[in-house]
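The values are calculated or read from the model by the stated rules, or taken from the named source; none is laboratory data. Bear in mind that the values here come from a model prediction, so they are computed numbers and not experimental data. Neighbour counts run over all protein chains shown; Cβ positions are idealised from the backbone, glycine included. Accessible surface areas use protein heavy atoms only, side chains included; no ligands, DNA or RNA. Shrake-Rupley method; radii C 1.70, N 1.55, O 1.52, S 1.80 Å.
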Amino acid sequence: MISLIDDRFAYGKAEHERYVRDGFHVFDHFLSDDGLAECRTGIDRMVEQRHPEIAPDAIIATHLVERWVWQLATQPKILDMIERQIGPNITFWSSHLIAKPPHTGRPVPWHQDGVEWTNVNGNFGASVWIAFDDVDEASGTMAVIPGGHARGELPRIRNQEDHDVFKWDMDPGELFPNLDEVKVYYNLKAGQAAIHDVMMPHESGPNASDQWRRAMVFRYIAPDGELGGSTYYDYRTNEPLPRAFFLVRGGDVNGLGLPRHPFDE
Ligand SMILES: O=C(O)CCC(=O)C(=O)O
């Protein structure tokens, strides 16, 4: 059994304090070399196998059908980090593979995740954003505004573009006036990762490079919040899949009968 997470990955008091202050944190070490190779094999297959209706940047809820995604998202070291943020009771509820092909990937407009989710609220863990390629501004990596999460809910407009996933744009006029100076791009090597607060304003540009830009994001929330339903679509068949909140650590404190696993073991 290979270790998916790099031995040097660490999320202690100092990292946590920086995450709380800045609203994001970048890890130099996240996936092990073997872990990265295994994930890339899975992603290549998924991009290849996806239903023609599913865009490569909208491959959602993959943990419901891909065991390797589930295994990665529930790695004890990741859950230890989330526990430090939200306490001992944790559900894992969302995975999203955002793969932008060379030259054709779509941009993601400025938004705050916690505002997009109208029926999921409560004690959120960080969103965990994992790079499977070297990513930078040219390839459409993500950008954040240090400290921007502390500004609360920012004004927004419904966007006019046909974005499958992100339905709201923050009003650009209300953004930080010196945005270009303050925004920080995730310049990551494949296998590195970053976390962001659910209220962090963030965006990503189109992929103007010759390389794929593939990243996956995982989301966690404590089980005592509002755990609203939704419908996702199986990336292979486009069949509907109900959203589920999997209790991955601790107790089902509100007695909701939360499932612990998406697969029969
Ligand atoms: O990876 C991207 O391009 C955007 C990701 C994003 O919006 C998110 O993780 O919430």
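Scan the helices (runs of 4 or more DSSP H) fully inside the stretch 57-158 and keep the ones with 2 or more residues being closer than 24 Å to residue 201 by Cβ and not hydrophobic (A, V, I, L, M, F, W, C). Steps first, please.
Values: elements: 67-73, 76-86, 113-116.
Passing ranges, in order: 76-86, 113-116.
Can you tell me which residue among 61, 55 is within 27 Å of residue 260 (Cα to Cα), modelled with pLDDT under 95 and surrounded by 13 or more Cβ atoms within 10 Å (Cβ to Cβ)?
Sole residue among the options that is within 27 Å of residue 260 (Cα to Cα), modelled with pLDDT under 95 and surrounded by 13 or more Cβ atoms within 10 Å (Cβ to Cβ): 61.
Please work out which one of (1) surrounded by fewer than 18 Cβ atoms within 10 Å (Cβ to Cβ); (2) farther than 27 Å from residue 52 by Cβ is the condition residue 234 fails and give its number.
(2)
Need pairs with beta-carbon distance below 8 Å; first residue surrounded by 12 or more Cβ atoms within 10 Å (Cβ to Cβ) and among the polar types (S, T, N, Q) and within the stretch 251-265, second at pLDDT 95 or above and in a loop (DSSP other than H, G, I, E, B); sequence gap 6+ or separate chains.
Short answer, once both residue conditions are applied: 254/223; 254/224.
Among what's in the stretch 179-207 and is away from the ligand (no atom under 14 Å from the Cβ) and part of a loop (DSSP other than H, G, I, E, B), pick the residue that is most open to solvent (accessible area, probe 1.4 Å).
189
Got a number for residues in the stretch 210-226 being open to solvent by less than 40 Å² (accessible area, probe 1.4 Å) and either under 20 Å from residue 125 (Cα atoms) or modelled with pLDDT under 95 (or both)?
10
Filter the stretch 17-52 down to the residues that are within 18 Å of residue 195 (Cα to Cα) and open to solvent by less than 40 Å² (accessible area, probe 1.4 Å) and list them by number.
Selection gives 19, 22, 23, 24, 25, 27, 30, 31, 32, 36.
Taking the conditions exactly as written (more than 14 Å from the ligand (Cβ to nearest atom), part of a strand (DSSP E or B) and either in contact with an Asp or Glu (Cβ under 8 Å, 6 or more places away or on another chain) or more than 22 Å from residue 204 (Cβ to Cβ) (or both)), does residue 41 satisfy them or not?
Against the criterion (more than 14 Å from the ligand (Cβ to nearest atom), part of a strand (DSSP E or B) and either in contact with an Asp or Glu (Cβ under 8 Å, 6 or more places away or on another chain) or more than 22 Å from residue 204 (Cβ to Cβ) (or both)), residue 41 does not qualify.
So if I check each of 17, 66, which one is within 23 Å of residue 214 (Cβ to Cβ), more than 16 Å from the ligand (Cβ to nearest atom) and at pLDDT 95 or above?
Only one candidate qualifies: 66.
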